[in-house]
Structure formats: C-alpha cells, structure tokens
Amino acid sequence: MDLLLTIIQTISDFMWGTPMTVALVGTGLYLTIKFKGRYITRIKFHFQNTIGKIFKGGGEGEGTVSGFAAACTAMANTIGVGNIGGVATAITMGGPGAVFWMWISGLLGMSTKACEIILGQRYRVKFDKSKDEYLCDRSFVMKNALGWKTGAFILAIFCFVFGPWTCCVQTESLTSSLYEGFGIAPIISIIIMGITCFITIAGGLKRIASVMEKAVPFMAFAYIIAGIGILVMYIDQVPAAFAIIFKSAFTPMAGIGGFAGATVKDAIRYGVARGLYSNDAGTGYGIVAHASGKTDHPVRQSSWGWGEVFLDTILVCTVTAVSIIITNVYIDYPDITSAQLTTVAFKVAYGNFGGYFMAIATTIFVWTTIIGMYYSCTKSIDYAFGDTKLNKIATPIYMVYYMLPCLFFYNIEADLLWAATDLISAMYVVITLVFIYTKRKEIFRLYDDFWNRFIPAINRGEKPERVSYETIEK
C-alpha cells in the first residue's frame, strides 16, 4: 500500500505541478478578462439569478428540472467533503497560505465554471425512449462539439468505471467523522449510508433534484452559521488568522509544534488542487449537472458559475479554514487530517456538541455528494448505451456497481484516496480545458448575445425569444 501511495502521489504531484497550476489559473484569468470580469463584479445580477432564486424556483425554458434544482444537483458535488476534509488537507499539507490560493482559484474559477455550464446547455441532448430527460456530459460534448466519436466512447467508459472510486474519499470522511463525533462503528455508518443513498438514486434525476433542492441550501446555511459562531467566540484571533493566511501564501512557513512546515510551492499546489476539488471549476462537472436546467438562455444558467463558487469556496471553505487555524488544531493534532481535523476544531470550540454537529454535517455533505456524483457518472452510461432499451437495463446494474467502492473501500488510507482523486481530477481538467479552448468562439458568441442583445431587450420591456438548444443525436 505504501508503494502504491508513492507511485500515485508521484504521478499526481507531476500533473499538479507548475504546468497544471499555470493552466488552471491562466485559463481562469484569460476567461475573466474576456468576460470583462462580470462573473466577479456583477454581484447583484448573479445574486438575483442564483441565491436570490433559492425560494422562488428556477427560470422558464426547455429542460427537465428548474435551473435552481439543476444547480443544487451540481452543488451536491461541490459543497461537500472538499469543504471539510479538502480544506483540512490543504492546510496540513500546504500550510495556512493554501487558503489564499483556494480563494484565487475560486474567483478565477467562476468564469471557468460558467464556460462548462454554457457548453452543457449548448450541446445537450434529449432522451425520450430510455428516460424523459435533457442531458449532457463530457462525452456528448466531445462527440457533438468536436466530432471525436471514438474518444468520446473511451472517455465515457473511463468515467463510469473509475468515477465511483473517487467517492471513497467521501465515505472515509463520513466514517472517521461519525466515529470521532459519536463513536459509531464504521460498518454501521456505511450500511445506513448505502441503503439511503440507493433509495434516493433509484428515483432518477427528478427525485435526486428534489432532494438536493431541500438538503443543499439547508446544510450550507447551518454549516456557515456554526462556523461564524466559532469566529465570534475567537474574534480576537480572527485578524491574526487572516494575517497568517496572506503571509504564508507568499513566504514559506516554518514547522511549529506538530506542523512540519510548508513552502510557497506547497501552498499553491495544495490550495489550487483542493480549491478545484471543492468547487469543481475546470473538471467538467458543470457540463453534466446544468444541462438539464430550464432557462431562457444558456448564459443565464451560467450565473451559477458565480453562485456555486461563491457559496462553496468564498463562504463555506473560508469558514472551515479559519476555524482550523484559530483553534490551532492543525498544529496541536499532527496525526489527524481530512474531515476528522475539522471535527476536532469544532470540538475544541463547542465541546462535545461541536463533534456531534460536525459528524451530522459531514454525513449530510457526504450523502449529497455521493448522490450528486452518481448522477454525473450515469450520464456516461447514457452516452455509452444511448437512448435505447439496453440503457434501461444497464442503469440499475450500474447503481449496484457505483455503490461498491463506497461500501467496501472506505477504510483505505486517506492520503492514498486524496492522491488518487487528484489524479483523476487532473485528467478531467485537461479534457475540459480542451473543450473550452476549442469551442471558445461559440462560448463567447453566446455570452455576447446574452449581454448585448438578450438582456438589453428585457430591460426595454420586450420579450425576446428563449435561446435553447438540443443537439440531435445521429
């Protein structure tokens, strides 16, 4: 196992070295400039079209579920263990400075995520025989946008075969947190999680979206409030916490207590990698989740490129990071990492109640993420089998396969799970960046149409025709 960890970490470190960091941050910067910074600066507009619609439902247009429900399905992937375990791992491996680079990757990632959403809406397809659903994923884009049919089929197989294994990170975090908080044996946690997840995913997209609409906003709000409570309790230490984040982002942090120290390179590497895992900007998951959303224009749905990243990285991840830093647990508990470290931070602040709260919060985060990831993986099944009766047979079989890694490999060493997840995420990033650069003219055309024609027409009191797409499968 140690040899396997060394091999995977070596490959992962190479892929997440300087080239990948430059590619991600550079692409985000390039797109932010091309979009005139609107996904960062037009806060009021994006707030109204995202968080402002949480209790009003989604927009109108062609699609399967509301734009908000589609976004909640996407956020089930983004607001999860990456916010709890991922942030903790970033700090223990890259030091507090990693948090700064998570923020940078998040701000620039808003435009990258928006491009994914536009691609998903633009190249989505409509299935009628095997299911009544609008859908898309990386394989559909590869075929319908680029014409790479063989590559698309190979990619689909890779996604649905290896996708479930990334969920081992989720279940490891769940079992460790429930054990830390309540002393619940991992096997009990896994059995209950497996049964409830299976019941939910068996209901298909509409049941998944319905559950996510209710669970995601609630869990995010509760977690943010609890985290703010810690900041209030340690208010005198908050300035120092932010100071060390900014300082160690640009200067090496020496070892202290149980913390081994970290270089600036470590801070950037783990900050960008964990930031990506947290908000998924650049991985292509936005293509999948938002393709089913009802909206009057693909670019309106892309406002969630702002909404998801803002809620996920700027709010939730910051709450986790500052809680870990001001309670000093990353120094005082060197043998603990991942979600368990965040649980310890809340226990230090709130006593046993903090441990109970984090155990419950992590459980909900993991549960929704596993369900959201299942939806993403099944789109690769849809591509491989098409809109046929065979798809109806393959889908329930895949449900069983999808749950197997979660149920039987939750106790693999956390470092190995994160290294493997980084490796798979890196592959997805490369593919997604290829999509964005090769189809950038179409993305920019839709973007300009929305801001230069569609929105001005609405502001004049007109009712412009909805802009909706459905690629005809051949």
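Label sites at residue 23 and residue 157, each approximated as a point 7 angstrom past Cα along Cα to Cβ, lie 2.3 nm apart.
So which of 149/392; 294/392; 44/129 end up more than 32 Å apart by C-alpha? With Cα atoms farther than 32 Å apart: 44/129.
As a test of the formula, what do you get for the chain when each DSSP H run with n ≥ 4 contributes -39,500 (n - 2.57) and the sum is divided by the residue count, at 222 nm and rounded to the nearest 500 deg cm²/dmol?
Taking each H run of at least 4 residues, the total per residue is -22500 deg cm²/dmol.
Starting from the Cα of residue 263, step 7 Å toward the Cβ, then list every residue of the stretch 69-103 with an amide N under 20 Å from that point. Residues passing the 20 Å test: 90-102. What you get for the chain, charging only the Cβ of Lys and Arg (+1) and of Asp and Glu (-1), is a dipole of about 1640 debye around the Cα centre. Quick one: Debye curve from the C-alpha atoms of the stretch 353-474, no solvent, what's log10 I(q)/I(0) at q = 0.16, 0.21 Å⁻¹? Log10 of I(q)/I(0), two decimals: -1.08, -1.27.
Helix 149-162 axis versus longest C-alpha principal axis of the chain: approximately 40°, rounded to the nearest ten. One quarter of the convex hull surface built on the alpha carbon atoms of the stretch 187-284 amounts to 10.2 nm², the projected area averaged over directions. What a 1.4 Å probe finds exposed on the chain is 67% carbon and sulfur by accessible area, rounded to a whole percent. Between residue 246 and residue 392, the simple spin-label model (points 7 angstrom out along Cα→Cβ) gives 6.1 nm.
Express in Å², to the nearest 10, the accessible area of residue 462 obtained by rolling a 1.4 Å probe over the protein heavy atoms while all chains stay in place. Counting only protein heavy atoms, residue 462 exposes about 90 Å² to solvent.
Determine which lysines satisfy two conditions relative to residue 441: a Cα distance under 19 Å, and not lying fewer than 8 residues away in the same chain. Those lysines meeting the cut-off are 34, 36, 113, 143.
Would you mind giving the three semi-axes, in whole Å and largest first, of the ellipsoid equivalent to the stretch 311-414 according to its Cα gyration tensor?
37, 15, 11
When the charge dipole of the chain is built from unit charges on Cβ atoms (+1 for Lys and Arg, -1 for Asp and Glu) and taken about the Cα centre, the candidate among 373, 68, 186 whose Cα reaches farthest toward its positive end is 68. Three principal axis extents of the stretch 246-399 based on alpha-carbon atoms, in descending order, are 60, 34, 26 Å. Take the stretch 1-153 with all the other protein chains still there, run a 1.4 Å probe, and you get 37 Å² of accessible area per residue. Principal axis analysis of the Cα atoms in the stretch 87-137 yields extents of 51, 21, 10 Å, listed in decreasing size. Each eigenvalue of the Cα gyration tensor of the chain, multiplied by 5 and square-rooted, gives one semi-axis; in descending order these are 34, 25, 21 Å. Counting 0.36 nm for each residue step from residue 192 to residue 452 and taking away their Cα separation leaves a gain of 88.5 nm. Largest first, the extents of the alpha carbon coordinates of the stretch 1-40 on the three principal axes equal 48, 16, 7 Å.
Under the simplified labelling scheme, the residue 10-residue 218 pair shows an inter-label distance of 4.8 nm, with each label point 7 Å from Cα along Cα→Cβ.
On full extension, the segment bounded by residue 409 and residue 233 gains 59.5 nm, given 0.36 nm per residue less the C-alpha separation.
Only aspartates and glutamates eight or more places from residue 131 in sequence, or on another chain, were considered; those with a Cα closer than 14 Å are 382, 387. Just so you know, the Rg over Rh for the stretch 338-383 is 1.27, from Cα atoms, with Rh as the Kirkwood radius. For the stretch 106-234, the alpha carbon convex hull comes to 166 Å³ per residue, rounded to a whole number. Placing +1 on the Cβ of every Lys and Arg and -1 on the Cβ of every Asp and Glu, with nothing else charged, gives the stretch 264-315 a dipole about its Cα centre of roughly 100 debye.
The values are calculated or read from the model by the stated rules, or taken from the named source; none is laboratory data. On a predicted model such as this, the values are computed, not experimentally measured, just so you know. When we count neighbours, we look across all protein chains shown, and the Cβ atoms used for this are built from the backbone with ideal geometry, even at glycine. Quick note on the areas: whole protein, heavy atoms, side chains included, nothing else; ligands and nucleic acids left out. Shrake-Rupley method; radii C 1.70, N 1.55, O 1.52, S 1.80 Å.
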